[in-house]
Amino acid sequence: MAKLKLSIAVGDYDRVRPLASGAVQIDGVDPIMMALDPEEIFFRAIRSAEFDVCELSLSSFTVKTAAGNSPYIGIPVFPSRAFRHTSVYIRTDRGIKEPKDLAGRVIGSPEYQLTACVWARAILQDDHGLQPETVTWMRGGIETPGRIEKIDLNLPGIKLIDAPEGKSLSQALADGDIDGMVTPRAPSCFDRGHPNVDWLFKDPVAAATDYFKRTGIFPIMHILGVKKELAEKHPWLPSALYKAFEQSKTFALTKLTDTSATKITLPFVEERLRDARKLMGHDFWSYGLDANHKTLDTFLKHHHAQGLSSRRVKPEELFHPATTETFKI
């Protein structure tokens, strides 16, 4: 029987490369693998559902799921996770010493609904009492002027303004037009060592470690999606995708733990891996609904409270039911 030919768009991650190389196979599928940046995948997926299977922004997908108009159904595979204490940048010449000092300020954000920004606002609110409505949020491209929200939003009580025409948020931060920035990517002015731009959390690793110890949450940024029409036509497909992506992650971690010859261009990899497992457990990058229910539920609670989803979505609603249970031997 001929295999099902599918386009699969995901980032170039070590946990996905075994699928791209063919070292791991997807049962019944002949994949056309496309390694693209998340911004391109999300734009093309949300606007025109161009891919059969793809990485999706957890926030954008939740907006669509709540509204009942998502062309994709989720698979509990999480290609991107990140602690977002590194996502908040400030001008150091504005008297901002702690998170509560952001109240009344103008803060840049590439899109209000970006998953990284949802998580950062949740952390600022839960741990530091900063309410999103006390901030004026300036939207624009991180490095390129003119970026717009991919999804139309209705956010009563939230003050949203656009970046000055022809100016990126990084440039606005460097020029002092804004007091800070919440962003999934470091602004170039920070990378270049601008003397008045720094992290809000001076030691973001220590802040994130404390956050995990208190909450057990390793924030999820992206999930995997498959077109609903394909899942309906081929009911075996969601489970096959889940199985293959899990195997691919296991393959990558096995390579990472082989320190006889380091697989990535970074010293002290084995020490960092040991530290991560000591803090977060052996399967620190877990897939599956059960292992991530609290993390997903926390995100969905804040997503709705921040006015982004029209109703409170339950974690179970995000995923194809065939992927929330697995067989046992």
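Just so you know, all these numbers are worked out from the coordinates, no wet-lab data involved. On a predicted model such as this, the values are computed, not experimentally measured, just so you know. So basically every Cβ, Gly included, is an ideal-geometry build from the backbone, and we count neighbours across all protein chains shown.
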Just to be sure I understand the model, the point goes 7 Å from the Cα along the line to the Cβ. What's the resulting Lys294 to Arg192 distance in nm? 4.3
For the chain, how big is the tail of P(r) above 33 Å, as a whole percent of Cα pairs? 28
Cα centroids of the stretch 121-138 and the stretch 168-242: how far apart, whole angstrom? 16
Considering only Leu266, Leu130, Leu289, give the residue with the highest GNM mean-square fluctuation for the chain, with springs between Cα atoms whenever their separation is below 10 Å. Leu266
Which of rounded, prolate, oblate describes the stretch 4-115, given a ≥ b ≥ c as roots of the alpha-carbon gyration tensor eigenvalues and a/c under 1.5 marking rounded, otherwise prolate only if a/b is larger than b/c? prolate
Which residue fluctuates the most in the chain, going by a Gaussian network model with Cα springs under 10 Å, if the choices are Pro195, Pro184, Pro267? Pro267
The answer for the net charge of residues other than Gly11 whose Cβ lies under 9 angstrom from its Cβ, with Lys and Arg +1 and Asp and Glu -1, is -3
Trp285 versus Lys5, label points 7 Å from Cα toward the beta carbon: distance in nm? 3.1
Local electrostatic count at Ser248 - Lys and Arg +1, Asp and Glu -1, tallied over other residues with Cβ under 14 Å: 0
Which aspartates and glutamates have a Cα lying under 16 Å from the Cα of Lys301, excluding residues fewer than 8 positions away in the same chain? Asp126, Asp127, Glu316, Glu317
Give me the net charge for the shell around Arg185: Cβ to Cβ below 13 angstrom, other residues only, Lys and Arg +1, Asp and Glu -1. -3
Would you mind ranking His302, His282, His293, His320 so that the residue whose beta carbon has the fewest other beta carbons within 10 Å leads the list? His282, His293, His302, His320
Eligible aspartates and glutamates near Lys167 by straight Cα distance, threshold 13 Å, same-chain separation 8 or greater: Glu143, Asp175, Asp177
For a protection proxy built on the mean count of beta-carbon atoms within 10 angstrom, sort 108-121, 244-257 highest first, please. 108-121, 244-257
For Thr92, list long-range residues whose amide hydrogen, built 1.01 Å from N in the peptide plane, is under 5 Å from its own amide hydrogen. Val197, Asp198
What ³J(HN,Hα) values, in whole Hz, does the Karplus curve 6.51 cos²θ - 1.76 cosθ + 1.60 give for the stretch 225-235 when θ = phi - 60°, with x put for Gly and Pro? x, 10, 4, 4, 5, 6, 5, 6, 6, 10, x
With an 8 Å cut-off on Cα pairs and a minimum separation of 6 or more residues, tell me the relative contact order of the stretch 1-145 in percent. 20
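Of the beta bridges DSSP finds with both residues in the stretch 84-215, what % are antiparallel, to the nearest 5?
40
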Under the classification rounded if a/c is under 1.5, otherwise prolate if a/b is larger than b/c and oblate if not, where does the stretch 84-215 fall, given a ≥ b ≥ c as square roots of the Cα gyration tensor eigenvalues? oblate
Sorted by mean Cβ packing within 10 Å, highest first, what order do the peptides 91-98, 34-41 take? 34-41, 91-98
Label Asp177 and Ala206 with points 7 Å out from Cα along Cα→Cβ: what is the distance between them in nm? 3.5
